[in-house]
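The values are calculated or read from the model by the stated rules, or taken from the named source; none is laboratory data. Everything numeric in this text was worked out from a predicted model, so none of it was measured. In this analysis, Cβ positions are derived from the backbone assuming ideal geometry, glycine residues included, and neighbour counts consider all displayed protein chains. Accessible surface is based on the protein model in full, side chains and every heavy atom, while ligands, DNA and RNA are left aside. Shrake-Rupley method; radii C 1.70, N 1.55, O 1.52, S 1.80 Å.
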Number of protein chains: 2
Amino acid sequence: MTALPQILMAASEALSSHAGDPVAVEALLQAVFGIVVDEAIQKGTSASEKVCEWKEPEELKKLLDLELRSQGESQEQILDRCRAVIRYSVKTGHPRFFNQLFSGLDPHALAGRIITESLNTSQYTYEIAPVFVLMEEEVLRKLRVLVGWSSGDGIFCPGGSISNMYAVNLARYQRYPDCKQRGLRTLPPLALFTSKECHYSIQKGAAFLGLGTDSVRVVKADDRGRMVPEDLERQISMAEAERPWDISGIEDMEQEQLPSFAWTVSTPPVAFLVHGYLLGAGAAIHLSLPDVKGTFGSGAVPFLVSATSGTTVLGAFDPLEAIADVCQRHGLWLHVDGSGKGGGALGGELEEEPLTCLCSTPSRADSVAWNPHKLLAAGLQCSALLLQDTSTWKKASVERVGSDILLTLTQNLLKRCHGSQASYLFQQDKFYDVELDTGDKVVQCGRRVDCLKLWLMWKAQGSQGLERRIDQAFALAR
Amino acid sequence: MTALPQILMAASEALSSHAGDPVAVEALLQAVFGIVVDEAIQKGTSASEKVCEWKEPEELKKLLDLELRSQGESQEQILDRCRAVIRYSVKTGHPRFFNQLFSGLDPHALAGRIITESLNTSQYTYEIAPVFVLMEEEVLRKLRVLVGWSSGDGIFCPGGSISNMYAVNLARYQRYPDCKQRGLRTLPPLALFTSKECHYSIQKGAAFLGLGTDSVRVVKADDRGRMVPEDLERQISMAEAERPWDISGIEDMEQEQLPSFAWTVSTPPVAFLVHGYLLGAGAAIHLSLPDVKGTFGSGAVPFLVSATSGTTVLGAFDPLEAIADVCQRHGLWLHVDGSGKGGGALGGELEEEPLTCLCSTPSRADSVAWNPHKLLAAGLQCSALLLQDTSTWKKASVERVGSDILLTLTQNLLKRCHGSQASYLFQQDKFYDVELDTGDKVVQCGRRVDCLKLWLMWKAQGSQGLERRIDQAFALAR
Ligand SMILES: Cc1ncc(COP(=O)(O)O)c(C=O)c1O
Ligand SMILES: Cc1ncc(COP(=O)(O)O)c(C=O)c1O
């Protein structure tokens, strides 16, 4: 265990002892579990019961008596409260609960969730979560195999929206590692591309990450909701060619007539910003006319395409092969957002079905966000970000472009991008391989264990069982 | 319920029916619950048992047989797996489990967690989580009352790190609402302030939000780990006065000798960037010497101070009153990070104890991050970001400064900053008050229910019980 100041041990002891006597604890939990089984699981999944006993907010407030008071309540009152909470909640495992985002109750996943809650640990280091650190690694490895990747990395995130943000952050870091320290102000304007049918988390993410929603360039979708690769190509060229200030007439000007963007200093580094766009940066420069034209014409730097496998509203699958071609041509990070209805990843064995593109696999993507808490009903939250180690197969295109910034070496990308090497958690002199301390791969500190529920249901049903389930859902959906 | 395309209903039905027959489901869950009670709860909290049966990674991998295979397994095998997972996991509820971040097992909180998992809903709209939308509102209101605030807003986040990020994002949005759309590139360089003893999530957050870790100015701490307000004041002045380029000799220069930062154009808007710092922006400008001096001297814009109530390593409490004075003078957002050992918020009734500052209340803060999953052992994750509506009491200082950007109107700040108004979830023509659809307050989409476990333990123990518990922990800690 991590060495700790005495003060904390004392505090911990006081709390543990508060848990009360074991017999009472067990009696309470047995009673609550009985209520859960009867009310939430049996009645909650029975077609003859209601999905929800609907009440208007004001009435529900009264019925629940939500107010938190000074005095505690008796065990009987508490059990009544548990019953009321379940009674007035929506039963998401009910056969008539139809939601676009998740539904169904999987008993093995629920079993995994109950164990997770009873163990209540955090997923940062091997010493505090030995089982779950190894389990997460295995589940992620297996998810990568299913999307067709033999190597790579990944992490469980608190939802697909945050997985998508991770992808964007990793892509910009991979291209501009300086960004972590110096921020976006020192970078050229960046552009990312996604279709008009994308999930709103792409916009939310761009705002949160400081890029701004303007950095999201919206690509056309066809009448089935699939991204149009030709329009993607067009949007990329437009972004690249963006001229914040028209300099078409500049050649005809005399040197004296030029606006004074020529700046001669030896040090420190200098840059110009026009219209909010950085025109040049680096060591001190005296811009001659050709330089100026070059910098002026640089526009925004495309860095990522987010394709959606299973769009939120139409369930459309963007044509990944054609999009991957575009990404390869321009050296862009290809992220596949399969956080909505993306079960296609697991259905990878099916033949290509051009009509629906259900089975388009993200084998050429740099990252995939995938939500077992949706189609697989693993339980909220269970969302994986998968990274492919594309260093080998991208080598050719990189050599063509003559640069190495396009190489996606997942090797430690998550840790390099998100890590802070906090010494109080991630000591480097541990007696085991510190690579197992996955906590520094994330922007969180404490992190829930989200892998056990998926692992347990996978063990119980096998890949075959899970695939059958997804195929069945998709077959019904055609 | 939200109207849904037929395709999804079909998919949902297929999955629900997969849950199998109710008798088998109940038998499985009963068996798992029995194991949980015996192994995780009884043995897991008994002083005569081990905290953890420690194994080296390679050995543990073999013992757990983590690999996911094609075939499913029998119920007996699955139950054995459950036992193994518990056996080799750390028992965080064990009386000898000493961790700096969380420990202890609260039976009511665990009961709340089991109900949460069995209901498995998401916290975005009233129609999908009627009970929990109202409950979250009440728990947040009560938490605000405990920190001394009569109005405001708040939200449960996936951990204190993300709560801290929210505070930073809200503060920058409140000052520069444009940032959401246009990104950081159009803003002046920003600076936020925190002590050297702050949690690493402040740095991680600055990187993730695109500000860069350089934007975090580190303020000195005294020998007990508390931020030194005089050094905060000094750091703020330094950031404001930051001169990326020394122009001290500029008055002596002839106009011709001036570096050509004087730029005469009529349109479009123009700005200068030197050393990565924006020197001026807005409509076209011809900078005269005094202008230049003004812009050059503008440096970084301080916008937030993150004080820590209960630092991670030393458990120190930053002197909030003195820090609030500094923030008020400079019009800065005061965030209080109580996500570590911050139980002081609940101990607000205790008298001021200058020696340890344990009871320093964040009554003058704009936001507080507070983690019931730590000291209160509510279970991971349970982390609240609280916002104060400071519009009234800050009015005086705002009028003095003669600007309104300092007003923290929480009124819808979360929604304005994070919202995307996705029509598929947040229809505005609902038959209830859409203010209850809290989903657009967050950067996530699906969001776990994190309030029930805290509410249930609060109901059972009363504010008195919870306060006693915290006081006891702190008393022991002195
Ligand atoms: C395509 C798509 N991506 C991302 C998300 C967000 O996932 P989460 O709710 O896990 O944040 C959704 C949710 O509906 C989605 O449909
Ligand atoms: C002071 C402080 N702030 C924030 C955090 C992060 O909280 P969380 O682990 O919930 O992300 C911690 C965790 O140790 C902390 O000590």
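Every test in (1) over 18 Å from A:Gln181 (Cβ atoms); (2) more than 15 Å from ligand 2 (Cβ to nearest atom) is passed by B:Phe193 save one, and that test is (1).
Residues being facing chain B (nearest Cβ under 7 Å), surrounded by 24 or more Cβ atoms within 10 Å (Cβ to Cβ), within 21 Å of the chain's Cα centre (by Cα) and among the hydroxyl-bearing types (Ser, Thr, Tyr) are entirely absent from the stretch A:104-121.
Could you tell me whether any residue of the stretch A:410-423 is closer than 14 Å to A:Leu332 by Cα, in contact with an Asp or Glu (Cβ under 8 Å, 6 or more places away or on another chain) and modelled with pLDDT under 65? No, the stretch A:410-423 contains no residue that is closer than 14 Å to A:Leu332 by Cα, in contact with an Asp or Glu (Cβ under 8 Å, 6 or more places away or on another chain) and modelled with pLDDT under 65.
Restricting attention to the stretch A:316-353, the residues that are outside any strand (DSSP E or B) and at pLDDT 85 or above total 17. Can you confirm whether the stretch A:354-362 contains a residue that is in a loop (DSSP other than H, G, I, E, B), over 17 Å from A:His335 (Cβ atoms) and at pLDDT 75 or above? Taking every residue of the stretch A:354-362 in turn, none turns out to be in a loop (DSSP other than H, G, I, E, B), over 17 Å from A:His335 (Cβ atoms) and at pLDDT 75 or above. Taking B:Ser70 and the conditions (1) without any contact (Cβ under 8 Å) to a residue 40 or more places away in the chain; (2) open to solvent by less than 20 Å² (accessible area, probe 1.4 Å), which numbered condition does it fall short on, given that it satisfies the others? Exception for B:Ser70: condition (2). Checking B:Arg226 against (1) at the interface with chain A (Cβ under 8 Å from one of its Cβ atoms); (2) among the basic types (Lys, Arg); (3) buried (at least 23 other Cβ atoms within 10 Å of the Cβ), which single condition isn't satisfied? Among (1) at the interface with chain A (Cβ under 8 Å from one of its Cβ atoms); (2) among the basic types (Lys, Arg); (3) buried (at least 23 other Cβ atoms within 10 Å of the Cβ), the lone unmet condition for B:Arg226 is (1). Only a single item in (1) open to solvent by less than 20 Å² (accessible area, probe 1.4 Å); (2) not assigned by TED's automatic domain parsing to the domain that holds B:Gly338 is not met by B:Arg87, and it is number (1). Residue count for the stretch A:155-194 satisfying the condition of being closer than 29 Å to A:Ala378 by Cβ and among the hydrophobic types (A, V, I, L, M, F, W, C): 10.
Let's see how each residue does on (1) within 14 Å of A:Thr116 (Cβ to Cβ); (2) at pLDDT 90 or above:
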site	(1), (2)
B:Glu58	no, yes
B:Gly72	no, yes
B:Gln75	no, yes
B:Val85	yes, yes
B:Tyr88	no, yes
B:Leu105	yes, no
B:His108	no, yes
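Checking each residue in the stretch B:137-189 for being within 10 Å of chain A (Cβ to nearest Cβ), under 20 Å from the mean Cα position of the chain (by Cα) and away from ligand 2 (no atom under 16 Å from the Cβ) picks out B:Glu137, B:Glu138, B:Val139, B:Arg141, B:Lys142, B:Val145, B:Leu146, B:Arg172, B:Tyr173, B:Cys179, B:Lys180.
Could you tell me whether the stretch B:446-462 includes any residue that is at pLDDT below 70 and more than 9 Å from chain A (Cβ to nearest Cβ)? Even if it seems obvious, please write down each step before you answer.
Residues of the stretch B:446-462 that are at pLDDT below 70, as a first pass: none.
Within the stretch B:446-462, none of the residues are at pLDDT below 70 and more than 9 Å from chain A (Cβ to nearest Cβ).
Of the helices (runs of 4 or more DSSP H) entirely within the stretch A:129-209, those holding at least 3 residues that are open to solvent by less than 20 Å² (accessible area, probe 1.4 Å), assigned by TED's automatic domain parsing to the domain that holds A:Pro229 and modelled with pLDDT of 95 or more occupy A:130-146, A:160-175, A:201-208.
Just to be sure, is A:Asp440 in a helix (DSSP H, G or I) and either at pLDDT 75 or above or in contact with a Gly (Cβ under 9 Å, 6 or more places away or on another chain) (or both)?
Details: in a helix (DSSP H, G or I): yes; either at pLDDT 75 or above or in contact with a Gly (Cβ under 9 Å, 6 or more places away or on another chain) (or both): yes.
Taking the combined requirement at face value, the residue satisfies it.
Beta carbons closer than 7 Å, at least 6 apart along the sequence or on distinct chains, pair a first residue in the stretch B:74-90 that is within 7 Å of chain A (Cβ to nearest Cβ) with a second that is of a type in the set (A, V, I, L, M) and not in a helix (DSSP H, G or I) for B:Val90/A:Ile128; B:Val90/A:Ala129; B:Val90/B:Val51.
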